[in-house]
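Written below as structure tokens is the structure these notes are about.
The values are calculated or read from the model by the stated rules, or taken from the named source; none is laboratory data. Here the structure is a predicted model, which is why all the values come from computation and not from measurement. Here the Cβ positions follow ideal geometry from the backbone for every residue, glycine too, while neighbour counts run over all protein chains shown. The protein model used for the area step is the full one, side chains on, heavy atoms only, and it has no ligands, DNA or RNA in it. Shrake-Rupley method; radii C 1.70, N 1.55, O 1.52, S 1.80 Å.
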Amino acid sequence: MNSPKACIKHISLVLLFLFGCQKYNADLEEAKNTILSNDLTTDIQILASDDFEGRSPSSAGEEKTVEFLKQEFTKLGLHPGNGDSFFQQVPLVAISTNPEAELMVRSRDDFSTFAYKNEFMAWTKRVVGKSSIKRSEMVFVGYGVKAPEYDWNDYEGLDVSGKTVVILVNDPGYATQNDSLFNGNAMTYYGRWTYKFEEAARQGATGAFIIHETEAAGYPWEVVSGSWSGKQFGLVSDDNNMARCAVEGWLTWDGAQKMFALSGKDLPALKQTAQEAGFKPVPLALWANLSLENDIEHSRSKNVIAILPGQTRPDEAVFYTAHWDHFGKVGGMDGDNIFNGAVDNATGTAALIELAEAFTALEQKPARSIVLLAVTAEEQGLLGSSYYATHPVFPTNKTVAAINIDAMNVIGKMNDITVVGYGNSELDDYVARAAKKQNRLVRPDPVPEKGYFYRSDHFNFAKVGVPALYTDPGVDHVEHGEAWSREQLDKYTAEKYHKATDEYDANWDLTGAIDDLRLLFEVGYHLSNDADFPTWRAGTEFKAIREADMQSTASQGTQ
Ligand SMILES: [Zn+2]
């Protein structure tokens with residue numbers, strides 16, 4: 001381009017581009033500035049009020065919550081996200097297992113019994129009154145992992161139908177601290193107990209037990225025995241969850257040692273072999289017997305889905321998610337027995353309304369659709385988001401990304417922002433770009449071995465391949481610095497997290513939450529106007545799932 005004419009044309013194109021950009025930026029900035037702490041406060045106060053009864057699924061508090069959201073989204077002119085309804089029905093089931101259960105294991109010439117709660121926990125996800133394993137052959141399958149990206153298959157050459165598999169917790173990367181193996185110290189999905197039961201079921205096992213270890217699990221046995229006794233909430237699939245193992249459970253380390261010793265096997269030695277590539281499953285020459293009796297209660301709850309349709313590519317969507325539910329009213333307590341869940345997650349739910357408002361304030365509406373999804377039953381095991389992800393309104397391969405908000409910052413402005421699961425996807429770059437404008441540093445999750453990436457609703461999107469973003473407030477307060485911030489966060493965890501004391505407080509400073517929301521708005525804004533789909537980085541456990549999904553043209557948009 002060296003003729004004067006071409007040059008003038010070139011310059012005017014550049015000017016047009018710059019002018020266009022400026023307009024684009026001004027529109028973005030103005031919309032962003034509609035995100036204000038007064039508005040956010042009002043909505044949090046409503047959602048966290050005693051009137052909403054702690055927002056338990058299937059309660060009067062649920063009705064108030066979902067109606068409030070519907071009303072706010074309607075006021076903003078958003079469209080119902082599920083046909084002509086703002087709601088998606090989520091079928092829930094609560095199963096209570098009779099605690100009298102006894103596990104009996106035989107070897108060729110001996111047997112041993114194991115005590116419920118002290119040596120093992122067991123339950124079934126199958127929606128049946130009785131579920132059992134009888135003379136089920138036991139096999140040690142190491143970490144119980146089938147991971148093509150690591151060329152690793154603990155089930156190699158094994159037919160487990162009718163059998164009971166015994167599995168180590170966490171993954172070989174954690175056990176060996178070898179960075180080239182399963183992301184080293186950081187937990188991968190293969191380390192989560194949820195994965196291990198799912199894989200055992202996919203393999204066709206009848207029973208599956210995970211061996212508990214405090215360090216590798218991240219919590220003591222009391223957490224296992226406490227959280228797996230009493231009512232267990234779950235989703236109900238069309239087959240009444242019959243595709244799951246008949247019995248799932250945990251063994252204490254000591255219980256497992258006692259069990260292995262019955263047939264002369266050494267658990268620590270077997271654990272060692274399981275950490276090496278090429279591990280082969282080990283038949284234990286043991287047979288398990290266990291019978292469970294269950295009480296079953298069915299109920300229904302709702303996800304709330306609102307859409308701002310895209311201008312030019314409405315069939316492609318950027319999602320914002322937040323769980324609206326919390327624990328409700330809890331009996332047998334003195335004084336205030338309402339778990340208001342103000343931080344967790346009235347803040348995130350209110351944030352969806354603020355984000356919706358900002359997107360509707362844009363002069364030039366996004367090219368892609370924006371979806372606000374408030375999910376139910378997160379506290380019972382990410383159930384609402386799991387239901388959505390397996391019954392999506394937008395096909396997963398048209399879902400550009402999911403941005404999740406769970407418990408916002410109430411202590412003021414931060415110099416940084418934490419990306420939980422940093423390094424997983426290109427969404428990090430979108431965060432970095434928006435954070436730079438706020439002069440904030442992007443930090444990775446400080447405790448990746450705890451697996452927080454797998455513990456909120458965005459994870460159910462990751463599981464079906466959709467790139468998912470989950471940020472935490474950061475740990476460096478603008479005025480008070482890092483030590484003070486960590487102290488505040490620890491204090492919240494000790495005194496308020498999942499307690500009746502998680503209430504709205506007029507002393508909150510929401511300026512940091514507003515920064516976060518404006519940042520997440522900007523991330524979604526760019527995603528909704530970009531042409532490409534952000535991808536998972538090489539080595540993540542979700543990359544292959546996404547690539548296969550992007551290639552499939554089969555429509556999945558059904559409820
Ligand atoms: Zn939460």
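The table below gives the values:
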| read-out | value |
| --- | --- |
| Filter result for Val475 (part of a loop (DSSP other than H, G, I, E, B), surrounded by 14 or more Cβ atoms within 10 Å (Cβ to Cβ) and within 24 Å of the chain's Cα centre (by Cα)) | yes |
| All positions within region 452-466 that are closer than 15 Å to Arg546 by Cα and either within 11 Å of the ligand (Cβ to nearest atom) or of a type in the set (A, V, I, L, M, F, W, C) (or both) | Phe459, Phe461, Ala462, Val464, Val466 |
| Residue pairs meeting the criteria (Cβ under 7 Å; at least 6 apart or on separate chains; first over 17 Å from Trp228 (Cβ atoms), in region 90-105; second part of a loop (DSSP other than H, G, I, E, B) and at pLDDT 90 or above) | Val90/Thr376; Val90/Ala377; Pro91/Val236; Leu92/Pro57; Leu92/Ser58; Leu92/Ala377; Val105/Leu262 |
| Scope region 316-336; condition surrounded by fewer than 24 Cβ atoms within 10 Å (Cβ to Cβ) and closer than 15 Å to Ala402 by Cα; matching residues | Glu316 |
| Residue in region 376-396 that is among the polar types (S, T, N, Q) and out of contact with any Leu (no Cβ under 9 Å at 6 or more places or on another chain) present | yes |
| Meets criteria (touching a Pro at 6+ places or on another chain (Cβ under 8 Å) and either more than 16 Å from the ligand (Cβ to nearest atom) or at pLDDT 95 or above (or both)) for Gln311 | yes |
| Matching residues, region 323-338, being in contact with a Gly (Cβ under 6 Å, 6 or more places away or on another chain), within 16 Å of the ligand (Cβ to nearest atom) and assigned to a strand (DSSP E or B) | Gly328 |
| Tally of residues being over 26 Å from Asp254 (Cα atoms) and in a strand (DSSP E or B) across region 267-304 | 11 |
| Test: residue in region 370-377 that is part of a helix (DSSP H, G or I), among the aliphatic types (A, V, I, L, M) and within 16 Å of the ligand (Cβ to nearest atom) | no |
| Count - residues of region 378-396 that are open to solvent by 20 Å² or more (accessible area, probe 1.4 Å) and away from the ligand (no atom under 16 Å from the Cβ) | 6 |
| Odd one out for Tyr320, checked against (1) assigned to a helix (DSSP H, G or I); (2) within 16 Å of the ligand (Cβ to nearest atom); (3) among the hydroxyl-bearing types (Ser, Thr, Tyr) | (1) |
| Failed item in (1) touching a helix residue (DSSP H, G or I) at 6+ places or on another chain (Cβ under 7 Å); (2) farther than 22 Å from Leu284 by Cβ; (3) open to solvent by 30 Å² or more (accessible area, probe 1.4 Å), with Lys146 passing the rest | (2) |
| Residue in region 75-87 that is without any contact (Cβ under 8 Å) to a residue 40 or more places away in the chain and not in a loop (DSSP other than H, G, I, E, B) present | yes |
| Residue within region 237-249 that is in the same structural domain as Leu527 (by TED's automatic domain parsing), open to solvent by 30 Å² or more (accessible area, probe 1.4 Å) and either more than 16 Å from the ligand (Cβ to nearest atom) or more than 24 Å from Ala462 (Cα to Cα) (or both) present | no |
| Residue that is nearest to the ligand (Cβ to nearest atom), among those in region 397-409 that are open to solvent by less than 10 Å² (accessible area, probe 1.4 Å) and under 21 Å from Lys543 (Cα atoms) | Asn404 |
| Criterion (surrounded by fewer than 18 Cβ atoms within 10 Å (Cβ to Cβ) and either touching a residue at least 12 places away in the same chain (Cβ under 8 Å) or among the aromatic types (Phe, Trp, Tyr) (or both)) met by exactly one of Asp516, Asp509 | Asp509 |
| Boolean, Phe260 is out of contact with any Leu (no Cβ under 9 Å at 6 or more places or on another chain) and not basic (Lys, Arg) | no |
| Considering residues of region 339-369 that are away from the ligand (no atom under 13 Å from the Cβ) and hydroxyl-bearing (Ser, Thr, Tyr) only, the residue nearest to the chain's Cα centre (by Cα) | Ser369 |
